[in-house]
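The values are calculated or read from the model by the stated rules, or taken from the named source; none is laboratory data. Every value quoted in this text rests on a predicted model; they were computed, and no experiment measured them. Positions of Cβ are backbone-derived with ideal geometry, glycine not excepted, and every protein chain shown enters the neighbour counts. Please note that ligands, DNA and RNA were not included when accessible areas were found on the heavy atoms of the full protein model with its side chains. Shrake-Rupley method; radii C 1.70, N 1.55, O 1.52, S 1.80 Å.
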Amino acid sequence: MKKIIIFVLFPLFLFSMFCLVSPAFSEDPPLFLLKWGGYGSGYGQFSTPIGLAVDSTGCIYVADSMNKRVQKFSPSGDFLMQIITGEGNHTFDRPVDVAVGNYDNIYVLDSVKKTIQKFDAQGTHVKTFVIQDTIEPSGIAVGPSGVVHVTYASGNYVCNFTEDGPPSLAWGARYLISPRGIAVDSAGNIYIASSGNHKIFMFLPTGGEPIYFGGMGTGDGQFQNPVDVSIDKNGNIFVVDQGNFRIQKFGIKRNFLTKWGSFGTGDGQFGAASGVAAGPDDNIYVSDSKYNCVQKFGPNRPPVANAGPDITVEIGQLATFDGSASYDPDNDIIGNYAWDLGDGRQKIGEIVTNVYNNVGTYTVTLEVEDTKGATGRDTCIVTVKAISVTGNPLIDNLIAVVRDPVTGAITYTDPDTGLSTPGAYVSAVAAKALELRNSGQITQEEFKLIMKNAGNSDVNKKNQ
């Protein structure tokens with residue numbers, strides 16, 4: 001009986017453990033943000049782009065292999081420069097991969113000439129490493145200590161290079177089958193896309209048995225011909241799963257997090273994804289050697305609202321609010337401008353107007369929304385003053401002026417009586433104005449100006 005119980009419980013235990021560690025989405029895939037390229041030899045065009053890398057400023061370097069050059073782009077895909085020659089003005093033959101090292105130095109791997117050429121961040125040649133090997137190299141990465149690691153797909157091994165010494169002995173052949181893309185994290189751990197056995201291997205800097213994950217398949221965490229790998233600043237792992245036309249993301253414990261992509265020419269689709277690189281701003285760049293383009297993915301950053309400067313207006317004066325300086329950092333379209341004008345009114349539009357009926361200070365809030373639903377807010381302050389009738393503070397403080405925003409009619413409220421309705425405010429204003437004139441506090445001309453603005457022509461004529 002005990003044996004039967006153990007036999008039943010043990011599979012149940014294994015099943016429960018499998019459920020706990022089985023792959024599952026733990027985050028949404030990044031959004032498609034941008035695509036650039038197209039077949040050609042002009043600036044910003046490609047002919048079989050393969051490897052790519054991102055420097056500390058977010059600029060992207062692409063190994064434009066059949067155009068025999070490396071192109072540099074801004075994070076928004078703008079062409080910045082190209083590197084076409086190395087030591088002795090010798091052109092590249094087939095640059096297949098590029099890596100960025102310390103101080104944003106650039107390392108270009110030429111598979112035909114079997115060289116590594118080092119350039120500074122401005123594209124000036126610094127050094128050439130000659131690979132003494134008959135086998136063409138495949139991928140390149142630079143570790144935090146400056147050691148350069150190169151994979152050899154046909155030889156199933158890796159070699160290390162330093163600035164001054166000879167290359168290391170080949171290593172990894174016991175585990176790797178057609179190793180291609182390679183990346184090194186901040187701790188010096190080396191990740192290799194072993195495309196032949198559909199795995200990602202992680203080699204520790206201290207040596208020993210590597211850790212691997214993957215295996216052939218179409219499920220989450222499985223691969224068909226993984227050709228490149230990249231590590232972001234948080235230690236997350238991105239894999240080009242070329243045969244499945246997708247990118248997969250894993251956490252620092254190699255746990256599956258998310259995936260995106262499919263076969264096609266549309267945004268977020270791939271024909272032959274070949275390289276992947278994680279930028280310092282959490283954006284991911286993927287090269288496509290079949291469709292000659294680079295695609296950018298990342299979190300949807302919220303738009304930045306700009307409600308404009310603080311303004312001062314008088315009662316009844318038209319106030320204009322301009323939100324056109326708002327922008328989206330991902331170059332998305334701002335689809336909605338919503339204004340709260342601080343006086344109970346709300347309006348929609350990039351530029352709106354309002355008329356304030358009361359003296360005071362109002363906080364105006366602009367909320368903008370992009371096409372993906374992210375929002376940003378900004379505020380400005382509106383100071384509303386009483387209308388200046390004469391410029392004489394004694395007279396101007398006598399009444400508060402309110403202009404109806406619809407009819408444009410002006411009414412006056414006597415500060416002593418509070419009367420402001422038609423028929424009552426005239427006598428109140430007249431009485432106060434007569435008192436001030438008779439006491440010599442205002443002149444006859446000032447009295448007439450008050451009565452004219454009050455609209456009391458009868459009283460005005462009677463007391464001229």
Filter segment 327-364 for residues that are among the charged types (D, E, K, R) and modelled with pLDDT of 90 or more and give the result.
D328, D340, D343, R345, K347, E350
Checked F223, F263, F213 against criteria (in contact with a strand residue (DSSP E or B) (Cβ under 8 Å, 6 or more places away or on another chain) and open to solvent by less than 10 Å² (accessible area, probe 1.4 Å)); the one match is F223
Give me a count of the residues in segment 344-363 that are more than 27 Å from the chain's Cα centre (by Cα) and either under 15 Å from T320 (Cβ atoms) or among the β-branched types (V, I, T) (or both).
11
The condition of being under 19 Å from A278 (Cβ atoms) and either in contact with a Gly (Cβ under 7 Å, 6 or more places away or on another chain) or open to solvent by 30 Å² or more (accessible area, probe 1.4 Å) (or both) holds, among N234, N160, N156, only for N234
Search result, residues across segment 356-389 that are open to solvent by less than 40 Å² (accessible area, probe 1.4 Å), of a type outside the set (G, A, S) and not in a loop (DSSP other than H, G, I, E, B)
Y362, V364, T365, L366, V368, D370, C380, V382, V384
Going through segment 273-307 one residue at a time, which ones are in a loop (DSSP other than H, G, I, E, B), open to solvent by 20 Å² or more (accessible area, probe 1.4 Å) and over 20 Å from V100 (Cα atoms)?
S289, K290, Y291, P299, N300, R301, P302, N306
Take Q122 and tell me if it is over 17 Å from V229 (Cβ atoms), in a strand (DSSP E or B) and either at pLDDT 90 or above or among the hydroxyl-bearing types (S, T, Y) (or both).
no
Restricting attention to segment 99-126, which residues are surrounded by 19 or more Cβ atoms within 10 Å (Cβ to Cβ) and among the aliphatic types (A, V, I, L, M)?
A99, V100, I106, V108, L109, I116
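Tell me, please, whether a residue that is assigned to a loop (DSSP other than H, G, I, E, B), closer than 21 Å to P302 by Cβ and open to solvent by 30 Å² or more (accessible area, probe 1.4 Å) can be found in segment 342-355. Spell out the reasoning first.
Residues of segment 342-355 assigned to a loop (DSSP other than H, G, I, E, B): 342-345, 349-350.
Add one more test, that the residue is closer than 21 Å to P302 by Cβ, and what stays is 349-350.
Subset that is open to solvent by 30 Å² or more (accessible area, probe 1.4 Å): 350.
Yes: segment 342-355 contains one or more residues that are assigned to a loop (DSSP other than H, G, I, E, B), closer than 21 Å to P302 by Cβ and open to solvent by 30 Å² or more (accessible area, probe 1.4 Å).
Answer with yes or no whether L80 is modelled with pLDDT of 95 or more, aliphatic (A, V, I, L, M) and open to solvent by 20 Å² or more (accessible area, probe 1.4 Å).
Details: modelled with pLDDT of 95 or more: yes; aliphatic (A, V, I, L, M): yes; open to solvent by 20 Å² or more (accessible area, probe 1.4 Å): yes.
In short, yes.
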Kindly provide the set of residues from segment 257-272 that are assigned to a loop (DSSP other than H, G, I, E, B) and touching a Lys or Arg at 6+ places or on another chain (Cβ under 8 Å), ordered by number.
G261, S262, D267, G271, A272
Strands (runs of 3 or more DSSP E) wholly in segment 131-201 with at least 3 residues that are farther than 16 Å from D110 by Cβ - which ones?
157-161, 179-184, 190-194
Lone qualifier among F92, F129 - being under 35 Å from the mean Cα position of the chain (by Cα) and either surrounded by fewer than 22 Cβ atoms within 10 Å (Cβ to Cβ) or within 20 Å of A53 (Cα to Cα) (or both)
F92
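Within segment 42-56, count every residue that is open to solvent by 30 Å² or more (accessible area, probe 1.4 Å) and in contact with a helix residue (DSSP H, G or I) (Cβ under 6 Å, 6 or more places away or on another chain).
Going residue by residue through segment 42-56, those that are open to solvent by 30 Å² or more (accessible area, probe 1.4 Å) are 43, 45, 48, 50, 56.
Retained after the next criterion (residues that are in contact with a helix residue (DSSP H, G or I) (Cβ under 6 Å, 6 or more places away or on another chain)): 48, 50, 56.
Number of matching residues: 3.
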